[in-house]
Amino acid sequence: MKNIGVLTSGGDAPGMNAAIRAIVRTSIYNGRDIYGIYEGYHGLIEGDIFKMQASDVSNIIQRGGTILRSARSQKFLEKKHRQKAYKNLCSKDIGSLIVIGGDGTFKGACEFKNEYPDINIIGIPSTIDNDLYGTDYTIGFDTACNTVVEAVDKIRDTASSHSRIFFVEVMGRDAGYIALYTGIANGAEEILIPETKTNIDDLVDNIKNRWRINKKSSIIIVAEGEETGGAVKVSQIVKEKLPDYEIRYTILGHIQRGGNPTMRDRLNASRMGYHAVKSLIIGEDKIMIGIMNDQIVKIPLERAVKNFKAVDKDLIEMMYILAI
Ligand code: F6P
């Protein structure tokens, strides 16, 4: 019975602590020693590893961020550093690793697994972007969306009081999940996501048409990134075409990554953490624990990395109809 290690890697996400708590307590309950690894793969390479007790995870379920801290390790891309990481695991007799993170974290895990097959690896999907195949929701997405919804509600007060057009940029990297879900929940007039092509002329016409029917303010949610152009660029182009309109932009930025996790994120994270340990105990390996239709599912880690999770077309269609 070898020991279990746990790390958080990539962008932090609210709910990571709830997952760590579940992993630590389920491991101890089942008589297994559990080791925390600081700063993701960076700490694994540096040997920043410590034995965890049940009390180490007291009073963290409600906290955002990650008590294990996180990093995007460039070193882990190199074979020689992965070898160092392996040696550090062996020195603590760690035979199983639970990695909590997103796409990049899982890619690193697959590479490591191919080189060191004796280490069992389980992935827990955690990123505010919700862009991982094989799970309906990733840890952190729900909290990030609620943060956006609250912020945009406030921005709308100003937009309607001053008859302004507000472009609000949200995170998501290459995926439009945060923009689409929050845009619908905020009743946004337009939602620009990487999954659909942005037509600036249509956007301008829509703003003008709304003005004619006395709808003088608009909230336009813009997913970050090159595909949409981002809120700054798009708002500038629109301003050039509509110089008489009052146009503003807001970039919500990292407030979306922080804050106390919602009930949904705490629950999902606890379930995934608990099942990750149970899976290891029965000898499962190289899988991601996901949640689909509110049921725990397990898929090969490589499938989660290689497949693309497309946004629901029905939501896109609905978005256009509800915004008329
Ligand atoms: O993957 C989570 C995320 O917040 C993305 O939405 C965003 O593009 C990126 O991380 C920002 O990364 P960083 O905090 O390293 O600037």
Task: Ranked packing of 28-39, 11-22, most packed first, by mean Cβ within 10 Å - done: 11-22, 28-39
Task: Cα-based Rg of region 222-324 normalised by 2.2 N^0.38 Å, two decimals - done: 1.59
TODO: May I ask you to evaluate 6.51 cos²θ - 1.76 cosθ + 1.60, the Karplus curve with θ = phi - 60°, for each residue of region 156-161 and list the ³J(HN,Hα) values in order in whole Hz, giving x for glycine and proline?
DONE: 5, 4, 5, 4, 6, 5
Open item on the list: Using the basic label-point model (7 angstrom from Cα toward the beta carbon), what is the N30 to V204 distance in nanometres?
Closed with: 6.0 nm
TODO: Scale the Cα Rg of region 141-257 by the rule-of-thumb value 2.2 N^0.38 Å and send over the ratio, two decimals.
DONE: 0.97
- [ ] Name the shape class, rounded, prolate or oblate, that the alpha-carbon gyration tensor gives for region 6-90, where a ≥ b ≥ c are the square roots of its eigenvalues, rounded holds for a/c under 1.5, and otherwise prolate holds if a/b is larger than b/c and oblate otherwise.
- [x] oblate
Task: Residues C110, C90, C145 arranged by fewest to most Cβ contacts within 10 Å - done: C90, C110, C145
- [ ] Over the alpha-carbon set of the chain, work out the extent along each principal axis and list the three values in angstrom, largest first.
- [x] 71, 37, 32
- [ ] Return L242, L301 ranked ascending by Cβ neighbour count within 10 Å, so the fewest neighbours appear first.
- [x] L242, L301
- [ ] Tabulate in residue order the Karplus-calculated ³J(HN,Hα) for region 166-171, using 6.51 cos²θ - 1.76 cosθ + 1.60 with θ = phi - 60°, rounded to whole Hz; enter x for Gly and Pro.
- [x] 10, 9, 10, 8, 10, 7
TODO: Mind scanning K2/K87; K233/K306; K2/K80 and naming the pairs with a C-alpha gap bigger than 22 Å?
DONE: K233/K306; K2/K80
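Just so you know, all these numbers are worked out from the coordinates, no wet-lab data involved. A quick note: this is a predicted structure, and the numbers were derived from the prediction, not measured. In this analysis, Cβ positions are derived from the backbone assuming ideal geometry, glycine residues included, and neighbour counts consider all displayed protein chains.
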